[in-house]
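These notes concern the structure reproduced below.
Read-outs throughout are calculated quantities, based only on the coordinates presented, and are distinct from any laboratory measurement. What you see is a predicted model, and the numbers here were worked out from it, not measured in a lab. Note: ideal-geometry Cβ built from the backbone for every residue, glycine included; neighbour counts use all protein chains shown.
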């Protein structure tokens, strides 16, 4: 259990948060990309009732699907305007995108690795 000492130390706080804000945690966790899994696991560790979790998660999934569907529908016109570009405009846009990608790859490849060792002064 030494590996999970951190989990056991924060579990009481997680249980309090889930009891107080559990519905909102499940509802908004779907929109928080990096924390979604951790928040859902926290609800499980805090023993949120399964039926409550399932119903709120289904509702959150429905809201998520409808909102992303509407965003795709409304922004499809913007995508269509990009497709309506002339040949020269498309080539210029593609060249800028490729140049940005090449710049990023070169910059990332030439990045110096960060070491944990302190720098030695001369």
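Take every pair of alpha-carbon atoms less than 8 Å apart whose residues are at least six positions apart; their mean separation over the length of region 2-109 yields a relative contact order of 23 percent. Per-residue Cβ neighbour counts within 10 Å put 30, 52, 107 in the sequence 107, 52, 30, beginning with the fewest. Using a simple spin-label model with points 7 Å from Cα along the Cα→Cβ vector, what separation in nm is obtained for residue 23 and residue 108? About 4.3 nm, to one decimal. Given their separation in residues at 0.36 nm each and the Cα-Cα distance between them, residue 94 and residue 9 gain 25.4 nm when the chain is fully extended. Segment residue 62..residue 31, full-extension length gain: 9.9 nm, with 0.36 nm per residue of separation and the alpha-carbon distance subtracted. A quarter of the convex hull surface defined by the alpha-carbon atoms of region 2-109 gives 11.3 nm² as the mean projection.
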